[in-house]
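The values are calculated or read from the model by the stated rules, or taken from the named source; none is laboratory data. Note that this is a predicted model, so its numbers are computed, not measured. Cβ: placed from backbone, ideal geometry, glycine included. Neighbour counts: every protein chain shown.
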Amino acid sequence: MTDLMADLDAAETLVEVGDVVRVEARRRSGAQGATFVLREHDRCFYADEDAIAPLWKGQRFPITSCVSGWAMLHDEIAVVPDIAVDERIPLDAYTPTFVRSLVMVPVGSPTPVAAIGAYWSRRYHASPDEIDSLQTLADHAAKAIHRIGLDDAPWAPTFSKH
């Protein structure tokens, strides 16, 4: 955890926070994919990802029609062992991907400014340790975002694509 804190403490931009989060989320969860999603008013911006196949990097979705938006709006972790049976999942967006289960963790409470997603290619129920580890990552990411001073900014224009 010391490396994580040092990496996020050293981050000077939202891009750098995203770089740490996407890699660390995948490592901590053992998932086949991870994403860093930013809240842009009434939209979710899939800012960065680390996955076995492309997901939604660079895309925007209405906050009310995606699970990352649900996690941010409810300030609650979404654990989805099977995307096919969870009403929070827009199946049309997920069916073409490898994703079959996920955990989405809001970043920043009580008003989340982002979310971290971990995705598995099979039906999978994340363990309490995996969920706690992702929550710890989200807590540290929230502190970094707050320190950088972007809590209330519309971030997408400042988030460059690599």
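Data for the structure
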read-out: Selected residue (criterion: nearest to the chain's Cα centre (by Cα)) from residues of the stretch 113-129 that are surrounded by fewer than 24 Cβ atoms within 10 Å (Cβ to Cβ) and in contact (Cβ under 8 Å) with a residue 24 or more places away in the chain; value: Val113
read-out: Flag for Met5 being over 12 Å from the mean Cα position of the chain (by Cα) and within 18 Å of Leu134 (Cα to Cα); value: yes
read-out: Residues located in the stretch 6-19, provided they are within 13 Å of Asp139 (Cα to Cα) and either surrounded by 14 or more Cβ atoms within 10 Å (Cβ to Cβ) or touching a Pro at 6+ places or on another chain (Cβ under 9 Å) (or both); value: Leu8, Val17
read-out: Count of the stretch 1-28 residues which are assigned to a loop (DSSP other than H, G, I, E, B) and either within 14 Å of Ile148 (Cβ to Cβ) or free of Cβ contacts under 8 Å to residues at least 24 places away in the same chain (or both); value: 3
read-out: Pick from the stretch 53-92, criterion among the β-branched types (Val, Ile, Thr) and surrounded by 13 or more Cβ atoms within 10 Å (Cβ to Cβ), ranking: farthest from Pro128 (Cα to Cα); value: Ile63
read-out: In the stretch 73-124, residue nearest to His140 (Cα to Cα) [restricted to those that are among the small types (Gly, Ala, Ser) and part of a loop (DSSP other than H, G, I, E, B)]; value: Gly108
read-out: Test for Trp70: is it part of a helix (DSSP H, G or I) and within 16 Å of the chain's Cα centre (by Cα); value: yes
read-out: Unique residue being closer than 19 Å to Val113 by Cα and either modelled with pLDDT under 95 or among the aromatic types (Phe, Trp, Tyr) (or both) when the list is Leu4, Leu14, Leu73; value: Leu14
read-out: Residue satisfying condition, being part of a strand (DSSP E or B), among the hydrophobic types (A, V, I, L, M, F, W, C), modelled with pLDDT of 95 or more and in contact with a Lys or Arg (Cβ under 6 Å, 6 or more places away or on another chain), within set Phe36, Phe61; value: Phe36
read-out: Residue match in the stretch 23-31 (condition: over 18 Å from Leu102 (Cβ atoms) and surrounded by fewer than 21 Cβ atoms within 10 Å (Cβ to Cβ)); value: no
